[in-house]
Amino acid sequence: MIIAWLKGFDPITQALFATLFTWGVTALGASLVFLFKDINRKVLNGMLGFAAGVMIAASFWSLLAPAIEMAEQTSTPAWIPAAVGFLAGGAFLFGVDKILPHLRLSQPIEQAEGIKTSWQRSVLLVSAITLHNIPEGLAVGVAFGAVAANMPSASLAGAVALAIGIGIQNFPEGAAVSIPLRREGFSRLKSFIYGQASGIVEPIAGVLGAFAVISMKPILPYALAFAAGAMIFVVVEELIPESQQDSKTDIATIGAMVGFVIMMVLDVALG
């Protein structure tokens, strides 16, 4: 039903709707702050592990595998676009990580990363989650752009599956920002506003990603791999280390396994 409805729109609008959905789920997760003032560290670790599992599965099934299949239709060795795009995506996030001021949940403000700034702790926390959401929005946009390019390995159902998977893992991310802010003394409304604001970058990145691959079809395999590399960088640099802060890491690991399986099933079943 959703897929049939989306067919009536151009690919850029489809990408916009999809990333507005993922942003909306972020806001839904952030709204948990109206119900809870605190969040158990084990629950938070499980949420972060779940998000990591979804992103790892999406990076392969929704992005890298299609990139390789598309490259096989050209004269270029199939591994080149996947390898170059993947490393470029990681390099891009590495650069953003060094420039954009941000702070992990478990860090004191003195350990904030990026360019030194006078930003408050709350803004730095939101900035960290925003950093996660750039590759997520880009991945969804590129997936819809691939459908518009009529690539055999790309399907509207697969792009929708990716958007659903990203949306699911955005729910705990929204809560992971808003509830800790509430614990630090912010009002429920202000905590919610900050929490949902972390997802606003997704529609922007999604539209830009879709537009780029539609305008420059030859870069599509590279763009898919680029999004995958950026997502894996976030997983390894931010999500997994943060989820392993507690002495009992089993919950985070189980969360990652469950997230991986859910995203895999979504992509295989719908894609």
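Return yes or no: is Ser191 open to solvent by less than 10 Å² (accessible area, probe 1.4 Å), over 23 Å from Ala52 (Cβ atoms) and touching a helix residue (DSSP H, G or I) at 6+ places or on another chain (Cβ under 8 Å)? Give the steps one after another, and end with the answer.
Details: open to solvent by less than 10 Å² (accessible area, probe 1.4 Å): yes; over 23 Å from Ala52 (Cβ atoms): yes; touching a helix residue (DSSP H, G or I) at 6+ places or on another chain (Cβ under 8 Å): yes.
When the stated conditions are applied, Ser191 passes them.
Go through the range 197-217 and give me each residue that's in a loop (DSSP other than H, G, I, E, B), modelled with pLDDT of 85 or more and open to solvent by 70 Å² or more (accessible area, probe 1.4 Å).
Across the range 197-217, the qualifying residue is only Ile200.
When the range 1-18 is examined, which residues are found to be of a type in the set (Gly, Ala, Ser) and within 17 Å of the chain's Cα centre (by Cα)? Let's see the steps before the verdict.
The first filter runs over the range 1-18 and keeps only residues of a type in the set (Gly, Ala, Ser), leaving 4, 8, 15, 18.
Once the filter is applied, which keeps residues that are of a type in the set (Gly, Ala, Ser) and within 17 Å of the chain's Cα centre (by Cα), the range 1-18 yields Ala15, Ala18.
Working only within the range 98-121, note down all residues that are at pLDDT below 85 and of a type in the set (D, E, K, R).
Arg104, Glu110, Glu113, Lys116, Arg121
Could you list, in sequence order, all residues of the range 171-184 that are assigned to a helix (DSSP H, G or I) and either aromatic (Phe, Trp, Tyr) or open to solvent by 10 Å² or more (accessible area, probe 1.4 Å) (or both)?
The answer is Phe171, Pro172, Arg182, Arg183.
For Glu202, are the conditions met, namely being within 11 Å of the chain's Cα centre (by Cα) and among the acidic types (Asp, Glu)?
Values: within 11 Å of the chain's Cα centre (by Cα): yes; among the acidic types (Asp, Glu): yes.
Yes; evaluated as a whole, the condition is true for this residue.
For the range 69-82, indicate whether the set of residues that are open to solvent by 20 Å² or more (accessible area, probe 1.4 Å), under 24 Å from Ile3 (Cβ atoms) and either in a helix (DSSP H, G or I) or touching a strand residue (DSSP E or B) at 6+ places or on another chain (Cβ under 9 Å) (or both) is non-empty.
Taking every residue of the range 69-82 in turn, at least one turns out to be open to solvent by 20 Å² or more (accessible area, probe 1.4 Å), under 24 Å from Ile3 (Cβ atoms) and either in a helix (DSSP H, G or I) or touching a strand residue (DSSP E or B) at 6+ places or on another chain (Cβ under 9 Å) (or both).
Can you tell me which residue among Ile168, Ile134 is in a helix (DSSP H, G or I) and surrounded by 21 or more Cβ atoms within 10 Å (Cβ to Cβ)? Can you show your working first?
On the way: Ile168 fails: surrounded by 21 or more Cβ atoms within 10 Å (Cβ to Cβ).
The match here is Ile134.
Show the residue pairs meeting these rules: Cβ distance below 7 Å; 6+ apart or different chains; first residue within the range 250-271 and open to solvent by 70 Å² or more (accessible area, probe 1.4 Å); second residue β-branched (Val, Ile, Thr).
Every condition considered, the pairs that remain are Leu270/Val160.
Can you name the residue in the range 19-40 that is surrounded by 15 or more Cβ atoms within 10 Å (Cβ to Cβ) and more than 21 Å from the chain's Cα centre (by Cα) and, of all such residues, is nearest to Gln244 (Cα to Cα)?
So the residue we want is Ile39.
Please indicate, with yes or no, whether at least one residue in the range 237-245 is modelled with pLDDT under 85, under 18 Å from Leu138 (Cβ atoms) and over 19 Å from the mean Cα position of the chain (by Cα).
no
The values are calculated or read from the model by the stated rules, or taken from the named source; none is laboratory data. Being a predicted model, the structure only gives us computed values, none of them experimental. Methodologically, a virtual Cβ is constructed for each residue, glycine included, from the backbone with ideal geometry; neighbour enumeration extends over all protein chains shown. Calculation scope for accessible area: heavy atoms of the full protein, side chains included, ligands and nucleic acids excluded. Shrake-Rupley method; radii C 1.70, N 1.55, O 1.52, S 1.80 Å.
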